Amino acid sequence: MTPSELFNKVNDSLEKIRPYLEADGGGITLVEVTEDFRARVALHGACTTCSMSHMTMKAGVEGAIRAAVPEIRAVEAVNETFA
């Protein structure tokens, strides 16, 4: 599977968790899927300063992506300015 095909699958998986992030004033954008199958995401709004952002990334975002797209090797936040 190509990175562009993976990008679409990862973005689809994020659609399922976006409403939960938005309900708390946050958001997420898929920035890219790299050639080595890493999904790079940017958190927005309340997610950038929330003390639970690390848990959101690991349990929520990474879990959702890896469950839907097992080819993804890692999920990285490009704006790691978590509180």
Check your understanding: Would region 65-73 turn up any residue that is open to solvent by 60 Å² or more (accessible area, probe 1.4 Å) and in contact with a Leu (Cβ under 7 Å, 6 or more places away or on another chain)?
Key -> yes
Exercise for review: Could you list all residues from region 15-33 that are in contact with a helix residue (DSSP H, G or I) (Cβ under 7 Å, 6 or more places away or on another chain) and either open to solvent by less than 50 Å² (accessible area, probe 1.4 Å) or touching a residue at least 60 places away in the same chain (Cβ under 8 Å) (or both)?
Suggested key: Ile17, Leu21, Gly25, Gly26, Gly27, Ile28, Leu30, Val33
**Study point:** Subset of region 34-64 (residues that are assigned to a helix (DSSP H, G or I) and exposed (fewer than 14 other Cβ atoms within 10 Å of the Cβ))
**Key:** His54, Met55, Lys58, Ala59
Exercise for review: State whether one or more residues within region 50-63 are over 11 Å from the mean Cα position of the chain (by Cα), on the phi < 0 side of the Ramachandran plot and at pLDDT 90 or above.
Suggested key: no
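The values are calculated or read from the model by the stated rules, or taken from the named source; none is laboratory data. These numbers come from a predicted model, not from an experiment. Note that we place each Cβ from the backbone using ideal geometry, even for glycine, and neighbour counts take in every protein chain shown. For the accessible areas, the whole protein counts, side chains as well, though only heavy atoms, and no ligand, DNA or RNA atoms are used. Shrake-Rupley method; radii C 1.70, N 1.55, O 1.52, S 1.80 Å.
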